[in-house]
Each structure stands twice: as C-alpha cells, then as structure tokens.
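A quick write-up on the structure given underneath.
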Amino acid sequence: MKKKVMLVFGTRPEAIKMCPLVNELKKRKNIQAVVCVTGQHRQMLDQVLETFQVVPAYDFSIMKEKQSLFDITTNILNKIKKALETEKPDIVLVHGDTSTTFVTALACFYLQIPVGHVEAGLRTYNINSPYPEEFNRQAVSIISELHFAPTWRAKENLIKEGKEEHKIWITGNTVIDALRTTVKKDYTHPELDWAAHSRLIFITAHRRENLGEPMHHIFRAIRRILEEYPDVKALYPIHMNPVIRKAAKEELGGTDRIHIIDPVDVFDCHNIMAKSYLILTDSGGIQEEAPSLGKPVLVVRDTTERPEGIEAGTLKLVGTEEENIYQHFKELLENETVYHNMARANNPYGDGYACKRIADVLEENFS
Ligand code: UD1
Ligand code: UDP
C-alpha cells in the first residue's frame, strides 16, 4: 500500500521550496502526496502554485489584511484538525519557520502524527530575531521525527540540541532545486530594458521585526543612494503587506530611478536577480539564492541564520540603521575590490537534488 505524505505550507517561500518536492514525490510509486495549503499568503502563494502547477487538495484560505500572529495561529489550528483526521497521513511534511509551519507541527503533535521538517536546524539562538521565526523553528525541531537539514552546520545545531543523528539527513536546500530550472541566459524583461545602462539594485523587505522605524531607515538609505548615484536604478517588487507598501510610498515616492512593482513570479525573480548588480534584502530565501548567482547581498537585519552565505563572502550583515546601510551600500558601489570579492559565485546550499534525497529517505523509511 502507498504511504500517504501530506505537505502543508502557506506562504510564498514555503511554496517555492516545497512545490519542487511535491512534484518529486508525485513521481514516486510508493508514495501518495497530498497537498494542503493554509493560505496564510494569498496572491503570493497562488503565484507559486501556478508556476509549479501544484493543485492543493485543501486550502484553508485564512489570510486577512494585517493579520496578527493570533489570527494566523488560531485560524490554522481550528481548520487543520479536520483535514488531518480525514486524511490520516503517515507523515506530515512542513517547511522552515513560518507560523503555518509551527501551528501545523503543533496540530500533528496533538494528534500524534509524525512530522518531517524540511530546512531543519537553522538557528540564530536569539528568540526575538528573526521574530517569530526563531521560536517557530526551534519548536518544530522538538516535535519533528525526521529532520532534513540543508547544510552540515544545520545538522550540527540539531545534534547540539540532542537530536538523534540517525534521524537527520543533510539534503541541501530545495530552493537550489528550483533555481536549477529557472535561470536562463537569454532571459529578458521590460524592467531589465529600463535598467539596461545602469547598475540595477534588486530590493525586497518584509521582516516583522523590521516593520516600523527599521523599515523607514532602510528606505531612507536607499533614497540617499539613488539621489547620489545617477548610474544606479532600483527594482523593488514589493511584498503585499499594506504596512510595508505605505512606508515605501512615504519614503520612496517621487523617486524616478526606483520602480516599485507587484511581486514577480519566482521565474522572473530568479532571472532578474541573476542580471542585477547587487541585492538589498531582509529575506531568508534570497540569502540562499544569491551565493549561487554570484550577487553581493546587503542583508538589512541584525542577525542571520545563514552563516554559510557570510562565510562564502556573498552576504554582508548591515543591520537596520540608516547610516550604516548607506555606508556599506556606498562602499560596494565605489570600491571594485570589495564588490568583486563579494560577487564570486559560490554555492553552500546544495547541488539542486535535495528533493530527490528527501523523497528517497521517505521511501526507505515509510514504505
Ligand atoms: C510571513 C512569515 C515569514 C516569512 C514571510 C515570507 C509568519 C509569522 N511570517 O510573513 O516568516 O518570511 O511570510 O514572505 O509566518 N499579504 C497579502 N497577500 C499575500 C501575502 C500577504 O495581502 O499574498 C498581506 C496581508 O495583509 C497580510 C500581511 O501581508 O496580513 C502579512 O502577511 P503574514 O503572512 O502575516 O506575514 P509576512 O510578513 O508575509
Ligand atoms: N521572490 C519572488 N518574487 C518576489 C520576491 C521574492 O518569487 O517578488 C522569491 C525569492 O526568489 C525567494 C522567496 O521569494 O525564493 C523569498 O521569499 P520571502 O522573501 O517572501 O520570504 P523569506 O525567504 O524571507 O521567508
């Protein structure tokens, strides 16, 4: 009999990293893959489902404008019980550190269903940064039966915390599986034509702990750079969060060398990043993608759970204070040596076959 693997996710980054796994599991003859989305994100989730042609069996559609952590947690918990009791999966796979991930693992624990954690073992050990993600991933590790660690460092964290070694597999990050299929040499896009004779900065920002003053600092630093360097243009596919959109409009409105556009699909995103000059972001996933693309990244956060990218030389942690961001930005634009040292392609996050490894483990352990 086929073993039933239920994959639960709800936000854009989880979908980008889980859809390639869904498609790999669908090829396996001993596995029945059932997809359940919480709809913690809506447009940004649907964009990814469409790209990878994944059709969920369940969609809880929980998203509300400006939702709080209470909204997300209680709405998922109330809806997921029935789906888990109806499907009775042999194992549930969750990804990373979002509230969807934490609440799903909690529900599985309550119902005593085994959990497999994809992208396990990332840590800052600062419970407030990133918030609430560091708590989420540590809590999910306590509950999980199988741990799919993207790197040996992530595995080391899990071992230090007392997880059994035979339940941890180093797989690489599934985002590299996605990246292997998306980036094309001959890619074109109207925004790239617009920036053809400029140095293009690719920007994203969304972290909960950066909402408010830090986000304003980030935007002001960007504005100063754009005003100072006529050969620089910026493309900012902005998160759907209305709080971020309002702050961006206030600080960056009226600047003609920045285009603020709706989120682009993952195919466009990877290709545009590949053709950018540098990236400024607080995103987790982009910190993993940029080293493969050989693009310097200014990480506008105080902590990172991705030390591999820092060691590879591609990422620089620049905090969220305007002057500091501005100075690092300026240095990268003016100092060619600093730029070229950061722009070396290097890939600490795997070879693009993480999904195959995870599917193999599931077949061996659950068939
Ligand atoms: C969530 C995750 C974060 C992850 C990020 C990826 C939590 C607590 N946070 O943060 O770990 O890094 O996703 O982007 O799990 N919105 C839309 N349409 C969308 C998506 C969001 O309108 O498709 C708006 C809604 O008003 C929503 C708000 O954005 O209330 C915030 O979304 P939410 O999922 O709560 O937080 P994120 O900051 O996206
Ligand atoms: N991304 C995308 N379109 C965009 C911006 C980002 O497809 O307009 C992709 C990006 O390539 C990466 C992922 O979204 O794979 C990162 O998601 P996000 O920054 O929302 O979340 P995080 O990784 O910080 O949890």
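FYI, it's all coordinate maths here, none of it is from the lab. If you're wondering where the values come from, they're calculated on a predicted model, not measured in any experiment. Using ideal geometry, Cβ is built from the backbone for each residue, glycine included, and neighbour counts are taken over all protein chains shown.
Data table
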read-out	value
Net lengthening on full extension, residue 339/residue 187 (0.36 nm per residue, minus Cα-Cα)	52.3 nm
Reachable aspartates and glutamates from residue 295, criterion Cα separation under 17 angstrom, eight or more residues apart if same chain	268, 282, 308, 311, 331, 334, 336
Semi-axes of the equivalent ellipsoid for the stretch 122-218, Cα gyration tensor, largest first, Å	35, 22, 9
Three principal axis lengths of the stretch 98-162 [C-alpha, angstrom, descending]	30, 23, 18
Semi-axis lengths (Å, descending) of the ellipsoid that matches the C-alpha gyration tensor of the stretch 294-342	17, 16, 6
Of 88/155; 17/246; 233/275, pairs whose Cα-Cα distance is over 20 Å	88/155; 17/246
Length-normalised contact order of the stretch 58-152 in % [C-alpha pairs under 8 Å, at least 6 apart]	26
Å³ per residue enclosed by the Cα convex hull of the stretch 45-98	111
Among 11, 67, 54 the positive-end extreme of the charge dipole of the chain (Cβ point charges)	54
Amide H partners (placed H, <5 Å) of residue 59, local residues excluded	37
Nearest-ten-degree value, helix 354-366 long axis tilted from longest Cα axis of the chain	10
The stretch 172-301: relative contact order as a whole-number percent, Cα under 8 Å and 6+ apart	33
Sequence-distant aspartates and glutamates (8 or more away, or on other chains) whose Cα lies within less than 17 Å of residue 66	209
Peptide ranges 252-258, 197-203, 168-174 listed from the most packed, as the mean C-beta count within 10 angstrom indicates	168-174, 197-203, 252-258
Expected-Rg normalisation [2.2 N^0.38 Å, Cα atoms] applied to the stretch 202-288	1.03
Size of the stretch 167-318 as Cα extents on the principal axes (Å, biggest first)	52, 37, 27
Taking N as its residue count, the alpha carbon Rg of the stretch 61-188 over 2.2 N^0.38 Å	1.16
Descending semi-axes in whole angstrom, ellipsoid equivalent of the chain, from the Cα gyration tensor	35, 21, 19
Modelled FRET efficiency - R0 41 Å, residue 327 with residue 2, Cβ distances, 0.05 increments	0.10
Net lengthening on full extension, residue 166/residue 199 (0.36 nm per residue, minus Cα-Cα)	7.1 nm
Where only alpha carbons of the stretch 4-71 are counted, the Rg and the Dmax (Å)	12.4, 42
Approximate spin-label separation residue 110-residue 208, in nm, with each point projected 7 Å along Cα-to-Cβ	1.9
Förster-model FRET efficiency, 45 Å R0, residue 228 and residue 264, C-beta, rounded to 0.05	0.95
The stretch 258-367 - Rg (one decimal) and Dmax (whole number), Cα, Å	16.3, 57
